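The values are calculated or read from the model by the stated rules, or taken from the named source; none is laboratory data. Model, not experiment: these values are computed from the prediction. Methodologically, a virtual Cβ is constructed for each residue, glycine included, from the backbone with ideal geometry; neighbour enumeration extends over all protein chains shown. Quick note on the areas: whole protein, heavy atoms, side chains included, nothing else; ligands and nucleic acids left out. Shrake-Rupley method; radii C 1.70, N 1.55, O 1.52, S 1.80 Å.
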Amino acid sequence: MAEIICVIGNKGGTGKTTLSHMLCHGLALLERRAACVMTDELREPLRAEGRRYVVADARSAKAREQMMDKLRNLPGWIGVLDGGANRTDTDIALYELSNLVLLPFRDSAEDLRTVIQDLERFPRAHALPSQWPHNRWQLEAADRLVATMPAHLRSRVLPPVMAVSSSKLLLQATVPEQLPTAVNNATRALARMILDMTEHKESFAYKPVAPSMPATPAASAAANPSAATPPGPYQSTMRH
Ligand SMILES: Nc1ncnc2c1ncn2[C@@H]1O[C@H](COP(=O)(O)OP(=O)(O)OP(=O)(O)O)[C@@H](O)[C@H]1O
Ligand SMILES: [Mg+2]
């Protein structure tokens, strides 16, 4: 039977779909066979062309069952089930089907409240910080936010997936043949961590990340004087 991973959670826009595709792309770069299974009936399925992994449309319960039957007969494959927001019943069904359960959340108080509820509802699940900031102040604020979680839940928070703007290319209808190094590196690192968890039963824990960007534009300019000055507010050049 294939390994089944689901990416779920009650809050919208936490990065479930992006992370599902990032994970499948990263697994493919590590030469693993992966299927990204979309279960969100509010979204259009993405086409397979240009991808290194299979995509499957399993938006109805029946299609999901058929997909699971297929995956059961594909040993060595990894199926990643992409959930949808505000669907507790579907999340429960996906949780029951999965060997590994990921709950992405962003660095906001609302995301934290929701992921705490989901961690309590799904005792085998791991919280996955998603689109984590690079800027020093935002990182410190994000660390403080995670530190407010009850200790027994905080121990189930994984190392963060950093914001990578080019990750959106994976959700395009047509994926470019060559993806930027940043997205390839981020997806490979995510896939490696997930394989270590599923295959070697390794555990991972959240720890503060060193900032890759200074906190303010002024500090950024000081660190990199050749960088272009950010544009000011828009001003019309038209004569009236
Ligand atoms: N690691 C990342 N770096 C940068 N942007 C990201 C990352 N992950 C997600 N995003 C952006 O965040 C937004 C929401 O992502 P996504 O659609 O994956 O969330 P979702 O949880 O699937 O949403 P929904 O609940 O509507 O299904 C998108 O604009 C996406 O490009
Ligand atoms: Mg989605």
What angle, in degrees between 0 and 90 and rounded to the nearest 10, separates the Cα long axis of helix 181-199 from the longest principal axis of the Cα atoms of the chain?
-> 40
Computed ³J(HN,Hα) along segment 96-104: with the Karplus parameters 6.51/-1.76/1.60, θ = phi - 60°, integer Hz and x for glycine or proline, the list is 5, 7, 9, 7, 9, 10, 10, 10, x
Taking amide H positions as placed in the peptide plane 1.01 Å from N, state which residues far from residue 132 in sequence (5 or more) or on other chains have amide H under 5 Å from it.
-> 161, 162, 163
Per residue, how much accessible area does segment 114-163 have with a 1.4 Å probe, in Å²?
-> 46
Work out the length of the dipole vector of segment 3-223 about its Cα centre, built from +1 on the beta-carbon of each Lys and Arg and -1 on the beta-carbon of each Asp and Glu, and round it to the nearest 20 debye.
-> 180
Pairs 70/201; 16/207; 62/201: which are spaced more than 29 Å apart, C-alpha to C-alpha?
-> 62/201
For residue 213, distant residues with modelled amide H under 5 Å away | 136
Counting Lys +1, Arg +1, Asp -1, Glu -1, what net charge surrounds residue 196 among other residues with beta carbon under 14 Å of its beta carbon?
-> +1
Mind checking which aspartates and glutamates have their Cα closer than 17 Å to the Cα of residue 11? Skip sequence neighbours fewer than 8 apart in that chain.
-> 40, 41, 82, 89, 91, 107, 110, 111, 118, 120
For segment 66-136, which trypsin sites (Lys or Arg not before Pro) are both in a DSSP coil and crowded by at most 11 other Cβ atoms within 10 Å?
-> 124
R0 of 22 Å, Cβ-Cβ distance residue 97-residue 201: FRET efficiency to nearest 0.05 | 0.65
Taking the highest mean first, how do the peptides 149-160, 169-180 order by number of other beta carbon atoms within 10 angstrom per residue?
-> 149-160, 169-180
Listed residues 55, 164, 146, most fluctuating in the chain (Gaussian network, C-alpha, under 10 Å) = 164
For segment 137-191 and segment 62-134, what is the separation of their C-alpha centers, rounded to whole Å?
-> 15
To the nearest 10 degrees, how steeply does helix 136-147 sit against the main Cα axis of the chain, on a 0 to 90 scale?
-> 40
Give, as ranges by residue number, the residues of segment 165-179 whose backbone N falls under 13 Å from the point 7 Å along Cα→Cβ of residue 134.
-> 165-167
Mind pulling the angle between the C-alpha long axis of helix 109-121 and the longest principal axis of the chain? Nearest 10 degrees, somewhere in 0 to 90.
-> 20
So what is the 222 nm mean residue ellipticity for the chain from helices alone, if each DSSP H run of at least 4 adds -39500 (n - 2.57) and you divide by all residues, rounding to the nearest 500 deg cm²/dmol?
-> -11500 deg cm²/dmol
Set the Förster radius R0 to 41 Å, insert the Cβ-Cβ distance between residue 85 and residue 184 as r into 1/(1 + (r/R0)^6), and round the FRET efficiency to 0.05.
-> 0.90
Between the residues 8, 56, 211, the Cα farthest towards the positive end of the dipole of the chain, that dipole coming from +1 and -1 charges on the beta-carbon of Lys, Arg, Asp and Glu, is from 211
Added length on full extension, which subtracts the Cα-Cα distance from 0.36 nm per residue, residue 48 to residue 63 | 3.7 nm
